[in-house]
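What follows is a single structure, written as structure tokens, with notes after it.
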Amino acid sequence: MVVRRPRTRSAFYRALNDDLVRLSRPAQGGVRLIVCECSRPECAEALEVTDAEYDAVRAHATRFLVVPGHELAGVQRVLERTRRAAVVQEQQARFLRRPSAPNGSVEDDGSRALVLIVDDDSALRALCSLNLQFAGLAVLEAADGLRGLELARRELPALVVTDVRMPRLDGFALGEALRGDERTRRTPLILVSGESDVAGATRARELAALAYVPKPFDAPALASVAAGVIARFAATTHSATRG
């Protein structure tokens, strides 16, 4: 397999968003969340775009979708700006992204970033865990939503990947609980469901989930997305929860 090595931060997050879009289903109206593709290393924001807006920008290799106000003067030319998103044209490639570890993991003071997997299917948990660890990430597992919530509050993972249908507490309720807790309200969330319905995708967007992934899914691709999401969000998330 050929590993992509984009030259700029913007190109790196553009590639991450392409993976997110391939994995997930959009909400009602074709609206989805993507990560901001700006070149700011401290950015940890997402933005809403429609599929039509996304496809229009993807027709041009050097155009990116960023949060309004995140444009870099002298480096990116603003082509279009709305309340939700700005389209920028990259002028040069001198803003290189911070190199990751050789295996693609994100290091934080010498320790591996932590992903929490919540699913009542033990085989699926094991498959996801194996691929995430292969991507250089540490993994915690929970077999139901209540246990997942307990672990999330105690361990403050860099990312939560949860099934929707589970005993005791489902994935949507878990997401609501995470968003209602100051310690975990900004934790990146990916929801996985056996039903790829628009209503579920819409609820996932309301919870600011970065992806609503229908089963079956490509576990190695999900692990790659997880590493990229953590690269974008982990540092800011952890500084906010520990500060």
Using the Karplus equation 6.51 cos²θ - 1.76 cosθ + 1.60 (θ = phi - 60°), what ³J(HN,Hα) coupling, rounded to whole Hz, does each residue of region 118-125 give in order, writing x for Gly and Pro?
10, 6, 7, 8, 5, 5, 5, 4
For R165, enumerate residues with amide H under 5 Å from its amide H, sequence gap 5+ or separate chain, H modeled in the peptide plane.
G171, G194
Show me, for region 209-214, the HN-Hα J-couplings you get by feeding each phi into the Karplus relation (A = 6.51, B = -1.76, C = 1.60, θ = phi - 60°), rounded to Hz, glycine and proline as x.
6, 6, 7, 10, 9, x
Along the Cα-to-C-beta direction of R185, a point sits 7 Å from the Cα; which residues of region 207-225 have their amide N less than 17 Å from that point?
207-209
Please give, to one decimal in nm, the separation of the simple spin-label points placed at R165 and V198, each 7 Å out from Cα toward the Cβ.
2.1
Cut-off 15 Å between beta-carbons: net charge of the residues surrounding R165, Lys and Arg +1, Asp and Glu -1
-4
Kindly report the accessible area of region 132-243 per residue (heavy atoms of protein chains, probe 1.4 Å, no ligands, DNA or RNA), in Å².
40
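The values are calculated or read from the model by the stated rules, or taken from the named source; none is laboratory data. Computed from a predicted structure; not experimentally measured. As a convention, Cβ positions derive from the backbone with ideal geometry for all residues, glycine included, and neighbour counts pool all protein chains shown. These area figures cover heavy atoms from the full protein model, side chains too; ligands, DNA and RNA do not enter into them. Shrake-Rupley method; radii C 1.70, N 1.55, O 1.52, S 1.80 Å.
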